[in-house]
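Visitor: I am attaching a structure below and will ask some questions about it afterwards.
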Amino acid sequence: MTFRTIIFIFTFILSFNISFKAMAIEGVYQVIIKKQEQKRLSRWSLGEWLATKQRIALMDQWLALNTDSNLFEAVLDYSQHSFSPTIGGVEVDKSASVYNAKFYLTVLGFEWERDHTSYGPEFEKYNISLRLFGTSQQSTHINLLYGVKQTREKDYGHFESQFFGFDGDIYLLSFLGVSGSFEKLSEEEVSGVKLHGESSSYGAFLELFFLRLYIENRKESYFYRGSNRGDFYKEGTAFGVAIYL
């Protein structure tokens, strides 16, 4: 065996030994890093616990506010609306009786309402209601409304107009709250006469189990334009009672 052969064999063995040790060291390093990563993922810290607790609390709150345990709900409502329009330059006391029924299947509802008044247009309306927020009609909630409103007035005839709006309640205490609503009447034309208008209300209520007593300020505006013109304003106080089933 020549000297060159011995040197070659020695160099090969040394290189193999160094490479093997390098791979061994790299393997140990990877094992250590992997173990540290596992420890980091399983590590408990007060900051992470508080953050997780807050996220869970927010999710629980959202579910509590928007999960409906009431499959079916019905509301029967009657109110008396008193107002004083100006007729011939003189304020005259007038009133209207309003009947309302609402039926809900979870978040989707159907509503009917009829108004008998001693002044201005009478109406009857049908609409669907979609609850965007809240678990029932007896919780803080917001409803979107869309439907048809039939308006009758002896001098202007019968109109059937689409309307959209919203209503809702905010509970200040478990038995006390405030309410509000708004409806916009789309313009409708019949025999050369156009009708458009809007209505709104705001008030407060007191609840005793399934019974609600309330007071509201209501405002209604109807505008007739075309071959026959006329404006009707009805603003005043309404007292009502509602039964929740």
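The values are calculated or read from the model by the stated rules, or taken from the named source; none is laboratory data. Quick caveat: nothing in here was measured; it's all calculated off a predicted structure. Here the Cβ positions follow ideal geometry from the backbone for every residue, glycine too, while neighbour counts run over all protein chains shown.
Let's see how each residue does on (1) in contact with a Lys or Arg (Cβ under 7 Å, 6 or more places away or on another chain); (2) over 14 Å from Thr106 (Cβ atoms); (3) surrounded by 14 or more Cβ atoms within 10 Å (Cβ to Cβ):
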site: Leu130; (1), (2), (3): no, no, no
site: Phe133; (1), (2), (3): no, no, no
site: Ser136; (1), (2), (3): no, no, yes
site: Ser139; (1), (2), (3): no, no, yes
site: Gly157; (1), (2), (3): no, yes, yes
site: Gly165; (1), (2), (3): yes, yes, yes
site: Gly168; (1), (2), (3): no, yes, yes
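Visitor: For Val148, indicate whether it is more than 30 Å from Tyr171 (Cα to Cα) and among the aliphatic types (A, V, I, L, M).
Guide: It is false that Val148 is more than 30 Å from Tyr171 (Cα to Cα) and among the aliphatic types (A, V, I, L, M).
Visitor: Restricting to segment 70-121, what's the tally of residues that are of a type in the set (Gly, Ala, Ser) and assigned to a strand (DSSP E or B)?
Guide: So the count comes out to 8.
Visitor: Further question: Quick one: Leu173 ticks every box in (1) assigned to a strand (DSSP E or B); (2) within 25 Å of the chain's Cα centre (by Cα) bar one, so which box is it?
Guide: Of (1) assigned to a strand (DSSP E or B); (2) within 25 Å of the chain's Cα centre (by Cα), only one is false for Leu173: (1).
Visitor: Just for segment 61-91: of the residues that are modelled with pLDDT of 90 or more and out of contact with any Ser or Thr (no Cβ under 9 Å at 6 or more places or on another chain), which one is farthest from Arg212 (Cα to Cα)?
Guide: Filtering segment 61-91 for residues that are modelled with pLDDT of 90 or more and out of contact with any Ser or Thr (no Cβ under 9 Å at 6 or more places or on another chain), the one farthest from Arg212 (Cα to Cα) comes out as Ala74.
Visitor: Among the listed residues Gly197, Gly192, identify the single one that is surrounded by 14 or more Cβ atoms within 10 Å (Cβ to Cβ) and in the same structural domain as Glu113 (by TED's automatic domain parsing).
Guide: Numbers: Gly192 fails: surrounded by 14 or more Cβ atoms within 10 Å (Cβ to Cβ).
Going through Gly197, Gly192 in turn, the sole match is Gly197.
Visitor: Would you check which residues across segment 220-232 are closer than 22 Å to Ser82 by Cβ and loosely packed, with under 15 Cβ neighbours inside 10 Å and list them?
Guide: Correct list: Asp231 only.
Visitor: Return a yes/no flag: does segment 141-163 have any residue that is without any contact (Cβ under 8 Å) to a residue 60 or more places away in the chain, farther than 23 Å from Ala242 by Cβ, touching a Gly at 6+ places or on another chain (Cβ under 8 Å) and in the same structural domain as Tyr78 (by TED's automatic domain parsing).
Guide: yes
Visitor: Output the qualifying pairs, or none if there are none: Cβ atoms under 7 angstrom, residues six or more apart or on different chains, first residue in segment 215-234 and under 12 Å from Ser199 (Cα atoms), second residue among the charged types (D, E, K, R) and not in a strand (DSSP E or B).
Guide: Short answer, once both residue conditions are applied: none.
Visitor: Please enumerate the residues belonging to segment 140-160 that are assigned to a loop (DSSP other than H, G, I, E, B) and closer than 22 Å to Ala238 by Cα.
Guide: Looking only at segment 140-160, we keep the residues that are assigned to a loop (DSSP other than H, G, I, E, B), and these are 140, 154-156.
Matches in segment 140-160: Thr140 only.
Visitor: Working only within segment 191-212, note down all residues that are among the aromatic types (Phe, Trp, Tyr) and modelled with pLDDT under 95.
Guide: Phe209, Phe210
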